[in-house]
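Colleague: Dropping the structure in here first, questions after.
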Amino acid sequence: MEVPAILLISTIFILVTLFPLSILSLRPLSLNPNPNQCIRKTLPNPHSLRPDQLTVLINGYSELRISLLTTIAGSYAALPIVANVVVLWGDPLTPQETLDSLSTNFSLLYSSGAPVTVLRQNSNSLNSRFLPRRWIRTRGILICDDDVEVDPKAVEFAFKVWRVNQDRLIGLFSRSHGLDLRRKEWIYTVHEDKYSIVLTKFMMLHVEFLYFYSCGKEEGLEGNFSKLRGVVDDMHNCEDILMNFVVTDVTNKGPLLVGADRIRDWGDARNEVVVEEGEKEVDVGLSGVKRGLGEHRKRRGECIRKFHQILGRMPLRYSYGKVVNFVTEQGLCSKRGKLVPCDHQNVE
């Protein structure tokens, strides 16, 4: 039986009216979170997920960064190793029309690559970055920010490293915990020779760790994990530190830092902003702590102390060095009176 054209047009109009473009895309995902997200049988079997591709979850929040976000999402979508790019929008005050427009632009600009979709989060909790989601179809997950541009080759290399280290977090930005002997307390710091934390500016992990973070190690046994996530909500910070706690507690292995040729971190508070006469300085970074780095570090140290207190142990483990994507001769040879790497062919 043929369906009248007027009926088809009316149906399409009703669908578009009831379901905005941020939900309907050219290649839609079932984006509504499962209310029973911690029930294993509602989630895909990890062994059935694709091992050769990534799902990229970008944390979006500020409308000021939409132009930058569009570029970053497109860069990820163009990679063959990426199955889906999903922007997790966390600002509840952003007008729906803005997100609809963003979704439309993604569909038009990146129709030939991996699908890019916008999902408005149900809450602005940073814990939402790590919710287990039934529409994920890959074992590998990349959690990243909307103000960090990463060289595509670095993303591909990080994925290679992750595929042989799926029980560890892989990252491009490292920090560390430490013990202040004078104060006798844990602190958040940076060491030149070791690290124990990788940041969600760029964090690659196995999909199972989303479940562990949000639901505890075993179904029905959330225990202290709920209290740990409560610290993140109270501080509105430290979800990345907590994920490092969770993974290391489960695997007893620290993270791995991967080298990259080029990373543009627009959100780093150490960026110098040049403001022309008559213009207003606009902060595009996630942190917004240009003059509060010391306080920011103290707050994250407080998170570490609270996590330690709740768990009753310190699971974080130090890692040393970083994995690089090239191998060169390290021995030195004398050539034309100079000591140079032995594989150098020409010496001026």
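Colleague: So for the stretch 78-237, what are the equivalent ellipsoid semi-axes in whole Å, largest first, each being the square root of 5 times an eigenvalue of the Cα gyration tensor?
Modeller: Computed over the stretch 78-237, the values are 29, 21, 17 Å.
Colleague: Per-residue counts of other Cβ atoms within 10 Å, averaged by peptide: what ranking do you get for 256-266, 138-148, highest first?
Modeller: 138-148, 256-266
Colleague: Measuring with a 1.4 Å probe in the full set of protein chains, what accessible area per residue, in whole Å², belongs to the stretch 101-147?
Modeller: The answer is 34 Å² per residue.
Colleague: With a 1.4 Å probe and all protein chains left in place, how much of the accessible area of the stretch 129-227 comes from carbon and sulfur atoms, in whole percent?
Modeller: 46 percent
Colleague: Which pairs break 25 Å Cα to Cα here: Lys160/Lys227; Lys41/Lys306; Lys253/Lys306; Lys153/Lys338; Lys153/Lys335?
Modeller: The answer is Lys160/Lys227; Lys41/Lys306; Lys153/Lys338; Lys153/Lys335.
Colleague: If you don't mind, there's one more thing I want to ask. Given Cys333, Leu316, His344, which one lies farthest toward the positive end of the charge dipole of the stretch 305-348, if we put +1 on the Cβ of every Lys and Arg and -1 on the Cβ of every Asp and Glu?
Modeller: The residue sitting farthest along the positive end of the dipole is Leu316.
Colleague: What size of dipole, in debye to the nearest 20, comes out for the stretch 133-247 about its Cα centre when the only charges are +1 on Lys and Arg C-beta atoms and -1 on Asp and Glu C-beta atoms?
Modeller: For the stretch 133-247, the charge dipole is close to 360 debye.
Colleague: Next up: Report Rg (one decimal) and Dmax (nearest whole number) for the stretch 46-167, counting Cα atoms only, units Å.
Modeller: In order Rg, Dmax, the Cα atoms of the stretch 46-167 give 14.1, 43 Å.
The values are calculated or read from the model by the stated rules, or taken from the named source; none is laboratory data. From a predicted model like this one, the values you see are computed outputs, not experimental measurements. Using ideal geometry, Cβ is built from the backbone for each residue, glycine included, and neighbour counts are taken over all protein chains shown. Heavy atoms of the whole protein, side chains included, go into the accessibility calculation; ligands, DNA and RNA do not. Shrake-Rupley method; radii C 1.70, N 1.55, O 1.52, S 1.80 Å.
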